[in-house]
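Here the structure is laid out as structure tokens; the discussion comes afterwards.
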């Protein structure tokens, strides 16, 4: 007796979803810990905002370098084997925090983050299309949004862990001119020790998770990755499928904006003009920013089955822009509440943009997925630019940069909605 496509899709969804969801959770948890590193390393190494945001540059630069090679690897070895490789590389990055903390050197932390980001790049390239393909194409946006909700659960828990383990006893670096080099090095090694613990724990969990995926690498319930056909160039791909390029630009803008706000938020809430909190308390409030995204993704998973994804995306982007402007131009709890609420507006953006960009591409899905994930490099480019604005003006002024960028996402949502209507009318 043969199994219908619908039943096969349901079987794949029910059997593989928990494992894939675990990936979304763990890389969300790991990524958001970088936000806790920002105020810690800024104080520890006496860095400017532009300098300390090299942490985000090092992490997200890996997306630009490795997304397309990851897509080629995915097409060659399949979803589960690619996920295993990504988990192992990510674990190696986590282990690198031990020598970075022991030596107390900022460039070593950047190297560890770059390796971690390389592993997460492969996970993103493989897991996003895998989740989108675990069932019917019509429900891909809703499925991916549901998985991203668990990613947001990781980003909600992460700041609480980071506030306790990384920001619990934040101290400024001694004077770089008057302090003896050996005393300064010893201070940095001592303070950096608090940074390594969560990342070493993550590395251990990743090794276990890699073993689980290796065990299921030959599972028949996993859809096969489409093989890349021919030698279609990226320019030809973009020409044949303009939605991929527009989606990639939107991912670039979205990730850059989200990372900028998350990176600034602890220091932003510590300012007297907002709440004037100590680092640990401000770090804990960051969990509400990511918690809003989690709640929004669970709700969005339902709404996307009822409302045009492009229209909902545009509405959320406009809301995020207005909240950023409100926070920048106000103070106290209004400013703090507005910037935290951006997390709720962010909720459906990444999965909706991603699913709209790769929808219906068939054999070109791995390459398109790699190109769209490559655009996550926005998290490396936009935060340092915002950091320069903050150094020369204020954090409040720097927040206006994401406010402007969100408007493009609103335009993309409306463009995507119009295209969908045109297809339906045809």
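The values are calculated or read from the model by the stated rules, or taken from the named source; none is laboratory data. Remember, it's a predicted structure, so these values are computed and weren't measured experimentally. Don't worry about glycine lacking a Cβ; one is built from the backbone with ideal geometry, like all the others, and counts go over all protein chains shown.
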Sole exception among (1) surrounded by fewer than 24 Cβ atoms within 10 Å (Cβ to Cβ); (2) at pLDDT 90 or above for residue 361, by number: (2)
message: Suppose we filter 382, 389 for residues that are in a helix (DSSP H, G or I) and without any contact (Cβ under 8 Å) to a residue 24 or more places away in the chain; which single one remains?
response: 389
- request: Name the residue, out of 124, 148, 81, that is touching a helix residue (DSSP H, G or I) at 6+ places or on another chain (Cβ under 9 Å), in a helix (DSSP H, G or I) and surrounded by fewer than 23 Cβ atoms within 10 Å (Cβ to Cβ).
  value: 81
- prompt: Which residues, counting only those in region 47-56, are part of a helix (DSSP H, G or I) and either crowded, with 20+ Cβ neighbours inside 10 Å or touching a strand residue (DSSP E or B) at 6+ places or on another chain (Cβ under 6 Å) (or both)?
  reply: 49, 52, 54, 55, 56
- prompt: Pairs under 6 Å by beta carbon, first residue within 13 Å of residue 31 (Cα to Cα) in region 251-268, partner at pLDDT 90 or above and surrounded by fewer than 24 Cβ atoms within 10 Å (Cβ to Cβ), six or more apart or different chains?
  reply: none
- request: Could you grab me the full set of residues in region 1-45 that are assigned to a loop (DSSP other than H, G, I, E, B) and either at pLDDT 80 or above or crowded, with 22+ Cβ neighbours inside 10 Å (or both)?
  value: 45
message: Only one of 325, 295, 318 is within 25 Å of residue 29 (Cβ to Cβ) and surrounded by fewer than 24 Cβ atoms within 10 Å (Cβ to Cβ). Can you tell me which?
response: 295
- request: Answer yes if at least one residue in region 280-290 is outside any helix (DSSP H, G or I), modelled with pLDDT of 90 or more and touching a helix residue (DSSP H, G or I) at 6+ places or on another chain (Cβ under 8 Å), and no otherwise.
  value: no
